[in-house]
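Here's the structure we're looking at; comments come further down.
The values are calculated or read from the model by the stated rules, or taken from the named source; none is laboratory data. Just so it is clear, the model here is predicted, and its values are computed rather than measured. Neighbour counts are summed over all protein chains in view; Cβ atoms, including those assigned to glycine, are modelled from backbone coordinates with ideal geometry. Remember, those area values only see protein heavy atoms, side chains included, never the ligands or the DNA or RNA. Shrake-Rupley method; radii C 1.70, N 1.55, O 1.52, S 1.80 Å.
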Amino acid sequence: MLLLVLVGFLYAFSSVRNSTRKVEAPNIKFVGDDNLFVTHETVSKLLIQNQESVTNKPKDIIDLNELETALNSNPMIKQAQVFMSVDGLITAEIEQKKPIARVSTNASYYIDETGSFMPLSTNYSARVPLVTGYIEKNDLANVHVVAKKVQADEFLMKHVVLIHQNQDKTIDLKFRSHDFNIHLGTLELLDKKIDNLKAFYKKAMKDKALDSYKLVNLKFDKQVICTKK
């Protein structure tokens, strides 16, 4: 009986001591891409609860869910998870959003891989195609489809530097090394149009005629209509 009382006392003493243990400075880990749009300093500032730093606060009053919510509210963070060890060490694992295009109109911001708004970062600038034209922040679906297609295609990634959306939501492209305009038209039969573009480029490059065109019209899926300068 005395042994049980002693064990219970030691357990209660250990629990109280553990709950009142002070939290150390948080450990911040970035998952995936090495290019940091969000800095360690920014994450540290977000790890604040009730206007006080989590550092040196007792473990039992730290709300990990609240810390995760604070981190996930940042528009540059895709997902954040917060853990605490028995020693009171908080670890925040951060997965950043990945930009695939940069809108450059009267406002400047990224479009991420899910088609969502992502603000520019003062810490790092992504090399992605520019998006111009008639763009609304709450209606990015059209240009997102094209940007995803560019991102996934080695040929397009090499050449496309600009995606332009016209007022009727048709799409034009610009290449890095050539000044002709590429008119995709609507996104209907997009894969076929891109195949036609690749076939045109290969043939025109072979003929050394790439710089003689001002317009490459792909809006018809069965033909490429080119206008010379």
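Here are the numbers for the structure shown:
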{"quantity": "Whole-number accessible area per residue in Å² for segment 109-196, which is evaluated in the context of all protein chains at 1.4 Å", "calculated": "51"}
{"quantity": "ALA152-THR39 pseudo-label distance in nm [points 7 Å out on the Cα-to-Cβ vector]", "calculated": "3.6"}
{"quantity": "Cleavage-rule hits, trypsin sites (Lys or Arg not before Pro), segment 72-132, DSSP coil, Cβ neighbours within 10 Å at most 15", "calculated": "ARG127"}
{"quantity": "Alpha carbon centroid spacing (whole Å) that separates segment 92-161 from segment 171-191", "calculated": "17"}
{"quantity": "For PHE30, residues with placed amide H under 5 Å, excluding near neighbours", "calculated": "ILE94"}
{"quantity": "Relative contact order for segment 63-175, counting Cα pairs under 8 Å that sit 6 or more residues apart, in percent", "calculated": "17"}
{"quantity": "Gained length - LYS208 relative to ALA107, 0.36 nm times residue gap less alpha-carbon distance", "calculated": "32.5 nm"}
{"quantity": "Out-of-range pairs (alpha-carbon distance over 18 Å; input LYS149/LYS229; LYS29/LYS78; LYS198/LYS219; LYS192/LYS219)", "calculated": "LYS149/LYS229"}
{"quantity": "Estimated dipole of segment 138-220 in Debye, rounded to 20 [Cβ of Lys and Arg +1, of Asp and Glu -1, Cα centre]", "calculated": "300"}
{"quantity": "Backbone HN-Hα couplings from phi across segment 197-205 [Karplus 6.51/-1.76/1.60, Hz, Gly and Pro as x]", "calculated": "5, 5, 5, 4, 4, 4, 5, 5, 5"}
